[in-house]
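Inspection log for the structure reproduced underneath, given as structure tokens.
The values are calculated or read from the model by the stated rules, or taken from the named source; none is laboratory data. The shown structure was predicted, so the numbers you read here are calculated from the model rather than taken from an experiment. For neighbour counting, all protein chains shown are included, and Cβ atoms are generated from backbone atoms with ideal geometry for every residue, glycine included. With ligands, DNA and RNA removed, areas are computed over all heavy atoms of the protein, side chains included. Shrake-Rupley method; radii C 1.70, N 1.55, O 1.52, S 1.80 Å.
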Amino acid sequence: MSSKTNNKEESSQTTSVSQQLARQLEAAAESDEEEISVNASALSLGIRAQKKLLSKLSSKSVAKIFIDETSGRILDNLHKLARNYSEHELKLIDEFRNRFHSLAKSIITLYEVDFKFDRSVLTRMCQECQELTHKIISKHLTQKSHTRIDYVFNYVSNIEFLEYSFNPNSTINRAIIKEIIADMHTLMDSGFL
């Protein structure tokens, strides 16, 4: 009799938590609609949405609704297998991270020390990062994704774009680069870059 009572209590608690979560998500969605202004940037909108969703889904009681302990262990072990299987890709990711970090440091140095930029060095560093990106995603994404990656890297490593961006006589570009450098410093200090 007590096991039936416990099951009923757990079931009602789960239902209660589910209903509470649903109400909170609905309320959050409604309040988000009211808060969104016409001039909101895509970045701030994305960050707000992520914060709202994560704050609603971060408690253990919510996680227990979706995944029981046994299923959680299965997913953890599957993750270990996948991680071991993709060790080569993880090494490529580390290599990319190091090369991209070097590229970022070079850009910072160009700005802060007022070096005349060596277009061939920056272009080569971008191309190395581009090649590593293609190696990392080769088994996971479509040719369309490869094409998009090429577009981005080819655009930012274009010599005319680099000359335009690092033109020492352009006060507007210099101000934009200054903001980029400040953000790069922040990312480096926090270990993200």
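Per-atom-type breakdown for region 72-190 gives carbon and sulfur 58% of the accessible area (1.4 Å probe, protein chains only).
With all protein chains kept in place, the per residue accessible area of region 72-190 amounts to 73 square angstrom at a probe of 1.4 angstrom. Residue separation of ARG148 and ARG174 scaled by 0.36 nm, minus their Cα-Cα distance, works out to 6.6 nm of gained length.
Accessible area per residue (1.4 Å probe, heavy atoms of protein chains only) ranks HIS185, HIS88 as HIS88, HIS185, with the largest value leading.
Could you give the length gained on full extension between THR70 and GLU128, defined as 0.36 nm per residue of separation minus the Cα-Cα distance, in nm? Walk me through the numbers on the way to the answer.
Details: separation 58, 0.36 × 58 = 20.88 nm, distance 4.31 nm.
Using 0.36 nm per residue and subtracting the Cα-Cα distance, I get 16.6 nm.
A crude spin-label estimate for the pair GLU95 and ASN167, with each label 7 Å from Cα along the Cβ direction, gives 3.8 nm. With viscosity 0.890 mPa s and temperature 25 °C, the Kirkwood radius over alpha carbon pairs of region 64-166 converts through Stokes-Einstein to a diffusion coefficient of 150 µm²/s. Using a probe of 1.4 Å on the protein chains alone, the accessible area found for THR70 is around 70 Å². In plain terms, the chain from ASN84 to GLU112 could stretch by 5.9 nm, reckoned as 0.36 nm per residue minus the Cα-Cα distance.
ARG119 exposes around 110 Å² of accessible area when a 1.4 Å probe is run over every protein chain in place.
Accessible surface of TYR151, taken over heavy atoms with a 1.4 Å probe and every protein chain present, rounds to 150 Å².
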